[in-house]
1. Please specify each residue of region 75-90 satisfying the condition of being under 26 Å from Gly20 (Cβ atoms) and either in contact with a Lys or Arg (Cβ under 6 Å, 6 or more places away or on another chain) or surrounded by fewer than 15 Cβ atoms within 10 Å (Cβ to Cβ) (or both).
2. Tell me, please, whether a residue that is modelled with pLDDT of 95 or more, in a loop (DSSP other than H, G, I, E, B), of a type in the set (D, E, K, R) and farther than 18 Å from Ala5 by Cβ can be found in region 31-39.
3. Return the residues of region 1-39 that are within 13 Å of Ile77 (Cα to Cα), open to solvent by 50 Å² or more (accessible area, probe 1.4 Å) and of a type outside the set (S, T, N, Q); say none if nothing qualifies.
4. Please identify the pairs in which a residue from region 33-56 that is without any contact (Cβ under 8 Å) to a residue 40 or more places away in the chain and of a type in the set (Gly, Ala, Ser) has its Cβ atom under 8 Å from the Cβ atom of a residue that is open to solvent by less than 50 Å² (accessible area, probe 1.4 Å) and in a helix (DSSP H, G or I), counting only partners at least 6 apart or on another chain.
5. Residue by residue through region 14-28, note down the ones that are at pLDDT 90 or above and assigned to a helix (DSSP H, G or I).
6. Based on this model, can you work out whether Val55 counts as in contact with a Leu (Cβ under 9 Å, 6 or more places away or on another chain) and surrounded by 16 or more Cβ atoms within 10 Å (Cβ to Cβ)?
7. When region 50-65 is examined, which residues are found to be under 12 Å from Ala100 (Cα atoms) and not in a helix (DSSP H, G or I)?
Amino acid sequence: GLPDAEAVLSAVYTGELGYGRLFELASVLLTAASEGDPLAREAADFLADEVVAFVVAAATRLGVTDQAVEVVLGGGIFKTDDAGFHARVAEGIQAVAPRAVLRHLTAPPVLGAARLGLDVLGADDEAKERLRAALS
């Protein structure tokens, strides 16, 4: 509901707009990019390149660029239908780690931590499935 990016920045700075709302902008950006907006496409490509840089840095430091390592991609930015964004991320990662297997997180990230907690407690499979159902 604000007229431009400067107004959004000002509203976040003054507290009129909660900082957490900024994460909604990624969805708007990626939708605009998929619809052909050239500036949005440029920003979406930059975002994809940042994701690739994080993954490549981690894979390089871990020494797994030549292994069939799973790369889990999660977060709101991966809920987009923007095929160009997904393709750029995949191509960038596989250019450095060609055997990487990309997985898209479908459950909230907290599920893994909660399941580890249940493992420590010795919980049965039924408890783990109830947890998954509650968080999915």
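The values are calculated or read from the model by the stated rules, or taken from the named source; none is laboratory data. All values reported here derive from a predicted model rather than from experimental measurement. Reconstructed Cβ throughout: ideal geometry from the backbone, glycine too, with neighbour counts over all protein chains shown. Protein only, heavy atoms only, side chains kept; ligands, DNA and RNA dropped before computing areas. Shrake-Rupley method; radii C 1.70, N 1.55, O 1.52, S 1.80 Å.
1. Gly75, Gly76, Lys79, Asp81
2. Within region 31-39, one or more residues are modelled with pLDDT of 95 or more, in a loop (DSSP other than H, G, I, E, B), of a type in the set (D, E, K, R) and farther than 18 Å from Ala5 by Cβ.
3. Result: Leu22, Phe23, Glu24, Leu25, Val28.
4. Close Cβ pairs satisfying both conditions: Ala40/Leu29; Ala40/Leu30; Ala40/Ala32; Ala40/Ala33; Ala43/Leu29; Ala43/Ala33.
5. Residue satisfying the conditions is Thr14 alone.
6. yes
7. Val64, Thr65
Table: residues versus (1) among the hydrophobic types (A, V, I, L, M, F, W, C); (2) in contact with a Phe, Trp or Tyr (Cβ under 9 Å, 6 or more places away or on another chain).
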| position | (1), (2) |
| --- | --- |
| Ala5 | yes, no |
| Leu9 | yes, no |
| Tyr19 | no, no |
| Leu22 | yes, no |
| Ala26 | yes, no |
| Glu42 | no, no |
| Leu47 | yes, yes |
| Gln67 | no, no |
| Val71 | yes, no |
